[in-house]
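Enquirer: First, the structure itself, so that you have it in front of you.
Nothing in this text is a laboratory measurement; each read-out follows from the coordinates by a stated rule. Given the structure is predicted, the values throughout are model-derived calculations rather than measurements. Virtual Cβ from ideal backbone geometry, glycine too; neighbours counted across all protein chains shown.
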Amino acid sequence: MKGKIVRTLCFLLVFVLLVTGAACTQSGEEEPKETEQTTERETTTPVMTTTEKQTENQKPVVPEEPTIPISSVFYSERILDTIRRNSTELLEFKAAKQTAVNAAQKYMEMSYDELWGLIFGPELERSWMVKSDGICPECRKPVLMYDWVINVNEHPWKLKCPKCNSLFPKNDFYAYYQSGLDKSGRFNPELADKSLLYNEESGDTKDTFGVDDGTGYKEGDQVYRFIATYLIKGQWKLVILEAIRYLSSAYTFTGDTEYGVRALILLDRLADFWPEYDYWTQGWMYEILQSNQGYISYNIDSAFEVYDLAMAYDKVVEVLYKDPRVCEFLSQKAEQTGNPNKKKTPEEVKKNIDDRFLKDTIANPQKYRSNPPYTELALFTARAVLDWETEKGKLYDEIADIITLNTKYDGMTGESGLNGYATMGKHAIALMCNLFYQADPDFIEKMYERCPKLYDAYRFHIDMYCVNRYFPVLGDVGYFGSTSGIYVNSEGLQNLMLYKLYKLTGDTDLIKILFNTNGRRAQHAFKNFVYLEGIPEITKEIDEIIKEEGSEIELGSVRKDEYQMAVLRTGGGQERTEVWINFGTNKTSHDHSDGMVYGIYLMDADMMPDNGYPNVAYGDGWRSDVVKWNRAVQAHNTITFNNMNHSRTDGVATLWSIGDIAKVIRANAPNTFPGVKKFERSLALVNISKNNTYIVDVFRVGDGPAGTYEKFSRSNIGDLTVSGLTLKETQREYPEYVYMENFQESVETQEVWTADWAIVNVLNQIAYGTKMHLKMIDLTRDENVILCDTWLPPSMAMKSQGHEGFMLPTVITERSVKEGETATFVSVMEPYSRDKSYVQSAKRYSCITLEDGKEYDSNAAIAVETIDGYTDVLVLLDPDLKVKEDVSIETEFGAVETDSDFCLLRFDAEKNLVLIRASKGTYVKLGDNEYTVEDKDDMTSYDF
């Protein structure tokens with residue numbers, strides 16, 4: 001009796017367990033709710049969704065676990081376990097898994113033959129754009145560069161005009177392509193059915209309007225490369241690459257070999273053609289063949305694609321040995337196409353991909369020569385996936401070398417374009433470190449130990465961010481006056497680096513940037529790092545740091561000597577003034593003739609923007625006169641000599657004095673022009689009050705050949721008024737690519753004259769500041785003054801809408817010198833708002849050297865009077881004079897003597913001395929009173 005009771009109870013217990021277990025697998029279970037607190041683990045039981053199930057004719061294969069002779073380099077069992085645990089326990093990764101599975105589903109619904117047939121061969125030419133300066137053949141409106149719309153799902157093998165929605169090409173190219181495939185799966189136009197080359201919309205078989213046979217639709221001498229563009233921007237990037245990425249990703253999440261089988265089918269077929277893809281002979285760029293190396297895409301993008309393909313292969317390579325369907329299908333295709341590699345074994349398939357994809361890639365880095373160090377990222381990934389055990393030691397050394405090389409310029413690669421190209425190096429380094437962290441959890445620490453400037457790479461953009469709104473527009477980046485976001489963090493892909501470097505350095509600003517760029521929260525900050533262990537604990541740590549310190553980053557003036565830029569900062573909150581200067585022409589790529597260019601930010605306004613990225617949509621791409629103009633020295637707020645552009649050279653900061661009232665930088669870049677020893681700019685940012693400032697600008701050029709120097713000054717888009725000039729129309733001679741017009745020359749110039757730009761917020765870039773102005777009081781001696789209009793080309797988006805840009809009122813001040821002479825340009829710049837200027841007047845004093853009793857024009861002594869009755873006397877001495885620097889200046893406040901490179905004396909309305917600020921000298925003397933100055937850059941301060 002007792003035994004029966006026990007058996008009955010056991011049976012009931014099993015039944016209850018089965019029932020409750022079944023209940024746990026019901027698809028109607030509610031999704032857990034996400035909170036705004038720290039990342040939490042998912043505690044509900046995971047279920048298989050319908051998208052994870054195989055379709056009816058693809059029944060799940062669960063073969064016995066064979067012995068796998070290979071293993072993934074970056075997706076080891078440890079990493080895969082973490083991925084699958086995180087995607088079960090953490091909400092963001094549960095969603096990521098579902099996204100990957102959903103995205104892969106359409107490729108799961110294709111037959112193997114359909115997947116295999118997605119890959120096109122090298123016989124078809126490709127193009128990066130339909131036409132750089134083209135129009136729509138239907139509506140005849142401008143459709144430039146990348147404006148054509150491609151939607152591979154709604155309109156496969158078609159491009160849509162964004163203006164009239166017409167589709168091109170008008171023929172069914174896919175049918176034509178299919179009709180021309182030979183036995184090996186290659187396109188042969190001799191086999192293709194020419195009767196398909198007609199306009200299907202009209203139905204007239206003789207109508208060839210909009211017809212593209214793969215070589216473009218031709219209209220007179222104009223060629224519209226619809227299919228060649230679709231092959232890259234549609235079939236390759238949005239179908240083939242997408243399929244490989246999603247299928248391989250779904251495999252890492254689920255372990256379902258069917259995803260891996262399909263990814264391998266695509267990778268193997270791609271490998272069949274890979275060595276034959278040659279963008280140099282097969283690809284168009286700006287209507288030119290043989291302009292760029294590359295594989296399917298041109299070289300820049302090929303680097304990203306090689307990286308993605310190598311990563312995808314590493315994710316699924318083990319499936320070769322886990323699932324026999326790979327070889328079953330590929331061996332049939334090898335026989336059908338006559339491939340000498342029979343692909344009957346995993347080793348043969350692996351050899352095809354290894355030899356034709358990985359090894360060819362490793363042997364031909366010129367085909368993916370990209371922004372540094374993306375080429376190396378792709379190359380190192382391919383080498384690691386091919387033979388990790390042999391390459392590991394060498395790769396560690398080479399990666400350390402590459403990081404060292406690409407952090408040479410204060411953590412940057414040296415490319416110009418602060419929030420564009422200049423960010424690519426640190427992003428590629430982050431990807432490299434993220435990747436090799438998967439193979440070695442101590443990798444980032446090892447690289448930091450060998451390359452301490454790794455920290456500088458992720459600190460740089462924190463320091464260079466201005467008024468919480470801008471990175472200086474320098475070189476090929478952005479558009480005139482464009483804002484820049486918060487911090488260029490590549491959608492969070494740098495967050496692991498930021499966190500690890502915080503742990504190594506203790507710099508909590510790195511955590512604040514991580515937090516701020518993640519929507520001001522720690523939750524989901526590591527959504528790109530499904531392989532990372534301990535995410536909830538890290539998230540909690542970040543929250544605690546922010547709770548203790550807050551998220552605001554306090555920045556002072558900063559100088560980057562290797563990148564050769566500096567920022568002077570004053571003010572607080574929204575009432576800030578910040579002045580930046582590019583004091584060298586050492587940028588390695590994407591640079592302009594912009595040595596000693598500077599800019600001013602007031603509140604949230606860019607008062608002196610740079611042109612930004614050249615508009616390459618005027619035909620002939622980067623070779624056009626519009627591009628030459630955008631990069632020319634005459635288009636920038638700097639100086640040219642005899643109409644020459646700047647040479648590449650290093651600038652050196654020779655004075656850096658940062659005080660409370662005044663902040664000063666002086667820098668020289670000799671040989672900016674051949675034989676010119678002095679190309680030196682001094683900027684002194686001076687506070688009138690907490691929120692109101694002016695800038696003294698002293699630009700000394702010369703000590704070289706005889707010739708003419710021209711200094712160009714412009715503001716943001718606005719209207720210019722001048723006083724102190726008598727103007728007359730004139731003509732000027734410039735190179736053909738210089739777009740300036742409406743010249744007026746001053747035939748009578750007062751000793752002090754003023755230009756005032758009233759900024760018009762045409763581009764809606766200014767939200768807080770109102771009635772913004774930039775005033776220039778010019779104090780240059782013996783100059784020629786010219787006013788003109790400068791063409792600011794439109795952005796490509798503006799040009800697509802028919803906009804042809806703006807004319808900027810420009811001031812040119814000109815001085816000619818004899819051999820060995822120096823020209824000095826002196827001005828006071830005041831940015832102000834609400835139509836209220838605080839600088840009432842300015843003038844220059846005679847500045848006599850005590851050694852020989854002479855006055856040298858390169859020594860600048862200035863008085864600036866403000867509306868509250870205060871007067872500043874400023875002295876900026878030329879450090880390169882052959883006489884001693886001691887000077888005497890007669891002022892209405894008494895005689896001033898000093899040998900300090902910089903000196904500021906402030907007097908109130910009653911002529912009482914209020915303060916002295918001085919640096920790089922030994923004394924300042926006013927009348928009989930002498931004040932000691934420390935002979936260093938640090939500011940010496942006296943308050944009375």
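Enquirer: Please list, by residue number, everything in segment 730-761 whose backbone N is under 18 Å from a paramagnetic label point 7 Å out along Cα→Cβ of Glu865.
Expert: 750-755
Enquirer: Between Met807 and Asn912, what is the label-point separation in nm under the 7 Å Cα-to-beta-carbon projection?
Expert: Modelled inter-label distance: 5.3 nm.
Enquirer: Would you mind getting me the FRET efficiency between Ser723 and Ala767? Use the beta-carbon distance for r and R0 = 30 Å, nearest 0.05.
Expert: Numbers: r = 31 Å, r/R0 = 1.03.
Once rounded, the FRET efficiency stands at 0.45.
Enquirer: Defining a contact as two alpha carbons under 8 Å apart and six or more residues distant in sequence, what relative contact order in percent does the chain show?
Expert: The value is 7 percent.
Enquirer: State whether segment 595-708 is rounded, prolate or oblate according to the following rule on the C-alpha gyration tensor (a ≥ b ≥ c being the square roots of its eigenvalues): a/c under 1.5 gives rounded; otherwise a/b larger than b/c gives prolate, and the remaining case gives oblate.
Expert: Taking the square roots of the gyration eigenvalues as a ≥ b ≥ c, segment 595-708 is oblate.
Enquirer: Using a 7 Å offset from the Cα along the Cα-to-Cβ direction at both Glu242 and Asp660, what is the distance between the two label points in nm, to one decimal?
Expert: Taking the two extended label points, one gets 6.1 nm.
Enquirer: If all Cα-Cα distances of segment 225-344 are sorted into 5 Å bins from 0 onward, what percent lands in each bin, rounded to whole numbers?
Expert: Pairs per bin, as whole percents: 2, 11, 19, 20, 17, 15, 10, 5, 2, 0.
Enquirer: I would also like to ask the following. Could you run the Karplus curve 6.51 cos²θ - 1.76 cosθ + 1.60 with θ = phi - 60° over segment 569-578 and give me ³J(HN,Hα) per residue in whole Hz, x for Gly and Pro?
Expert: Taking θ as phi minus 60°, the curve returns 10, 8, x, x, x, 8, 9, 9, 10, 9 Hz for segment 569-578.
Enquirer: Excluding same-chain residues fewer than 8 positions from Lys540, which lysines have a Cα within less than 29 Å of its Cα?
Expert: Filter leaves Lys33, Lys94, Lys97, Lys426, Lys446, Lys453, Lys500, Lys503, Lys512, Lys527.
Enquirer: Still on this structure: Order of Tyr613, Tyr421 from fewest to most other C-beta atoms within 10 Å? Can you show the working numbers first?
Expert: Values: Tyr613 21, Tyr421 24.
Exposure proxy ranking, most exposed first: Tyr613, Tyr421.
Enquirer: Based on the Cα atoms of segment 130-224, what semi-axes does the equivalent ellipsoid have, where each is the square root of 5 times one gyration tensor eigenvalue, given in whole Å with the largest first? Display every interim value, and only then the final one.
Expert: On the way: eigenvalues 114, 43, 34 Å².
Listed largest to smallest, the semi-axes of segment 130-224 are 24, 15, 13 Å.
Enquirer: List every residue whose amide H lies under 5 Å from the amide H of Val597, counting only residues 5 or more places away in sequence or on a different chain, with H placed 1.01 Å from N in the peptide plane.
Expert: Amide H neighbours of Val597, under 5 Å, 5+ apart: Asn582.
Enquirer: Nearest 10 degrees is fine. How inclined is helix 454-463 to the longest principal axis of the chain, computing both from alpha carbons?
Expert: 60
Enquirer: With r as the distance between the Cβ atoms of Trp622 and Ser179 and R0 = 41 Å, compute the FRET efficiency 1/(1 + (r/R0)^6) and round to 0.05. List each step's numbers first, then the result.
Expert: On the way: r = 38 Å, r/R0 = 0.94.
In this case the efficiency is close to 0.60.
Enquirer: What per residue convex hull volume, in Å³, comes out for segment 393-555 when only alpha-carbon positions are used? Present the calculation step by step, with values, prior to reporting the outcome.
Expert: Details: hull volume 17.0 nm³, N = 163.
About 104 Å³ per residue, rounded to a whole number.
Enquirer: If I fit a long axis through the Cα atoms of helix 495-505 and take the longest principal axis of the Cα atoms of the chain, what angle between them do I get, 0 to 90°, rounded to 10?
Expert: Roughly 60 degrees between the two axes.
Enquirer: Need one word for segment 558-836: rounded, prolate or oblate. Basis is the Cα gyration tensor (sqrt eigenvalues a ≥ b ≥ c); a/c below 1.5 gives rounded, then a/b vs b/c decides. Intermediate results must be reported in sequence, preceding the final value.
Expert: Details: a/c = 1.19, a/b = 1.04, b/c = 1.14.
Because its axes are fairly even, with a/c under 1.5, segment 558-836 counts as rounded.
Enquirer: Given an 8 Å cut-off on Cα distances and at least 6 residues of separation, report the relative contact order of segment 178-313 as a percent. Provide the component values of the computation, followed by the final result.
Expert: On the way: 142 pairs, mean separation 17.4, N = 136.
Once divided by the residue count of segment 178-313, the mean separation gives 13 percent.
Enquirer: Still on this model: So if each residue of separation counts as 0.36 nm, and I subtract the Cα-Cα distance between Gln105 and Arg834, what length gain in nm does that give?
Expert: Numbers: separation 729, 0.36 × 729 = 262.44 nm, distance 5.84 nm.
Contour length minus Cα-Cα distance gives 256.6 nm.
Enquirer: Using only Cα atoms and rounding to the nearest 10 degrees, what angle (0 to 90) does helix 535-549 make with the longest principal axis of the chain?
Expert: 20
Enquirer: Just the C-alpha atoms of segment 841-944: what Rg/Rh do they give, with Rh taken as the Kirkwood radius? Display every interim value, and only then the final one.
Expert: Numbers: Rg = 12.8 Å, Rh = 13.6 Å.
Result: Rg/Rh = 0.94.
Enquirer: Run the dipole for segment 653-742 about the Cα centre, Lys and Arg Cβ at +1, Asp and Glu Cβ at -1, nothing else charged, and hand back the magnitude in debye, nearest 20. Mind dumping the intermediate values first?
Expert: On the way: 11 positive and 10 negative charges, 87 e Å.
Roughly 420 debye, rounded to the nearest 20.
Enquirer: Which of the lysines could a cross-linker span from Lys351 if the Cα-Cα distance has to be under 28 Å and same-chain partners fewer than 8 positions apart are dropped?
Expert: Answer for Lys351, where 28 Å is the Cα cut-off: Lys183, Lys237, Lys315, Lys322, Lys333, Lys342, Lys343, Lys359, Lys367, Lys392, Lys394, listed by chain and number.
Enquirer: At 4 °C and 1.567 mPa s, what whole-number value in µm²/s does Stokes-Einstein give for the translational diffusion of segment 78-164, with Rh from the Kirkwood sum over Cα pairs? Please report the intermediate quantities before stating the final value.
Expert: Numbers: Rh = 17.1 Å.
Rounded, D is 76 µm²/s.
Enquirer: Under 17 Å from the Cα of Lys206, which lysines turn up, not counting those fewer than eight places away in the same chain?
Expert: Straight-line reach from Lys206, under 17 Å: Lys170, Lys194, Lys218.
Enquirer: Still on this structure, I have one more. State, as an integer percentage, the relative contact order of segment 558-836 based on alpha-carbon contacts under 8 Å between residues 6 or more apart.
Expert: Working: 715 pairs, mean separation 51.0, N = 279.
Answer for segment 558-836 is 18 percent.
Enquirer: Ignoring everything except DSSP H segments at least 4 long, calculate the 222 nm mean residue ellipticity for the chain; use -39,500 (n - 2.57) per segment, divide by total residues, nearest 500. Intermediate values should be presented prior to the final figure.
Expert: On the way: 24 runs with 268 residues, N = 944.
Result for the chain: -8500 deg cm²/dmol, rounded to the nearest 500.
Enquirer: With 18 Å as the limit, write out which pairs from Lys843/Lys882; Lys678/Lys925; Lys677/Lys818; Lys678/Lys775; Lys854/Lys882 have Cα-Cα distances beyond it, or answer none.
Expert: Details: Lys843/Lys882 26 Å; Lys678/Lys925 29 Å; Lys677/Lys818 14 Å; Lys678/Lys775 27 Å; Lys854/Lys882 12 Å.
Beyond 18 Å between Cα atoms: Lys843/Lys882; Lys678/Lys925; Lys678/Lys775.
Enquirer: May I ask you to derive the FRET efficiency for Lys408 and Leu850 from their Cβ-Cβ distance with R0 = 41 Å, giving the value to the nearest 0.05?
Expert: On the way: r = 44 Å, r/R0 = 1.07.
That gives a FRET efficiency of 0.40.
Enquirer: Expressed as a whole number of Å, what is the distance separating the alpha-carbon centroids of segment 567-638 and segment 354-403?
Expert: Here the two parts' Cα centres lie 35 Å apart.
Enquirer: Be a star and scan segment 100-124 for residues whose amide nitrogen sits under 14 Å from the point 7 Å along the Cα-to-Cβ vector of Glu276.
Expert: Backbone N within reach: 119-124.
Enquirer: If you don't mind, there's one more thing I want to ask. Please give the contour-minus-distance gain from Val883 to Thr345: 0.36 nm per residue of separation, less the Cα-Cα distance, rounded to one decimal in nm.
Expert: 185.2 nm
Enquirer: Starting at 0 and stepping by 5 Å, how many percent of the alpha carbon pairs of segment 626-684 end up in each bin?
Expert: Each 5 Å bin holds this share of Cα pairs: 4, 16, 22, 19, 16, 11, 7, 3, 1.
Enquirer: Now for a different question. Modelling each spin label as a point 7 Å along the Cα-to-Cβ direction, I'd like the Lys141/Thr208 distance in nm, to one decimal.
Expert: Output for this residue pair reads 2.9 nm.
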